[in-house]
Amino acid sequence: MSNPWVIDQIHITIRLVLALLLGGLIGFEREVSSHAAGLRTHILVCVGSALVMLLSMYGFSAFVNEVNVRIDPSRLAAQVISGIGFLGAGTIIFNGRSITGLTTAASLWVVAGIGLAVGAGFYYPAVLACVMVLISLWSLNKLEHKFFNGKKVRILKIQAVDQPGTLGLVTTLLGKQKVDIRKITMEEQQNDDKPNQVQITFHVTVPNPSIIVTMLEGINQIEGVSGVAIEKSKS
């Protein structure tokens, strides 16, 4: 391509397909981890960013030779970087003192950057960035779970009879286990078979994952408690 303002259909296809593949790889990891923005969202962001970059670089080639026209290929690209923040903000959830979804928001932001790089024909940095992101999401995630698992916010859900003292007994038990309570919510449950039921939801951090089984058994033995479950808060 001798003319820097002109691109043929073959190279356009290559760039958009590569954006689809790179965005899909990162989106697949998010999809497997059951996050809000998964495979389709990451593919759309990456392909869309590549398309905007192609448009910015080659979409206005007819005006290159105009006297009063000055083409700046970076203008539309800059708008993508700032605009992707709105989409990323939709994946971030604030719960009391904990924030979830930051990793997915960051992955959307970097996927937009990868798409722009592919659209500009900057193949090597785009592929290298994709590999580095995948390493961060897969390998570092395993290390994080291994060494920092206790600091993760977990969601503890308890089904119990709505009676005085239940909440106090649960919080006392959690305090003895040195579990840090971040947030507590209580919601009435509509159940004809078991009337007067509530669901108590705790956002907690556990000092040591090995105490979880003992903690759940202790809560389940409290009078009025009919069920208890715990899950990791998604990030």
*In the range 41-69, which residue that is farther than 24 Å from GLY27 by Cβ and modelled with pLDDT of 70 or more is surrounded by the fewest Cβ atoms within 10 Å (Cβ to Cβ)?*
GLY59
*asked:* Of all residues being under 25 Å from LYS152 (Cα atoms) and part of a loop (DSSP other than H, G, I, E, B) in the range 181-217, which is least open to solvent (accessible area, probe 1.4 Å)? Just the residue, please.
replied: VAL206
*Among the candidates SER82, SER139, SER107, which residue alone is assigned to a helix (DSSP H, G or I), on the phi < 0 side of the Ramachandran plot, at pLDDT 85 or above and of a type in the set (S, T, N, Q)?*
SER107
*If THR166 passes every condition in (1) modelled with pLDDT of 90 or more; (2) over 20 Å from the mean Cα position of the chain (by Cα); (3) surrounded by 12 or more Cβ atoms within 10 Å (Cβ to Cβ); (4) not acidic (Asp, Glu) but one, which one does it miss?*
(1)
_Any hit, the range 218-228, residues being modelled with pLDDT of 85 or more, open to solvent by 50 Å² or more (accessible area, probe 1.4 Å) and assigned to a strand (DSSP E or B)_ = yes
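The values are calculated or read from the model by the stated rules, or taken from the named source; none is laboratory data. What you are looking at is a predicted structure, and each value in this text was computed from that prediction instead of being measured. Methodologically, a virtual Cβ is constructed for each residue, glycine included, from the backbone with ideal geometry; neighbour enumeration extends over all protein chains shown. SASA here: full protein model, heavy atoms, side chains in, ligands and nucleic acids out. Shrake-Rupley method; radii C 1.70, N 1.55, O 1.52, S 1.80 Å.
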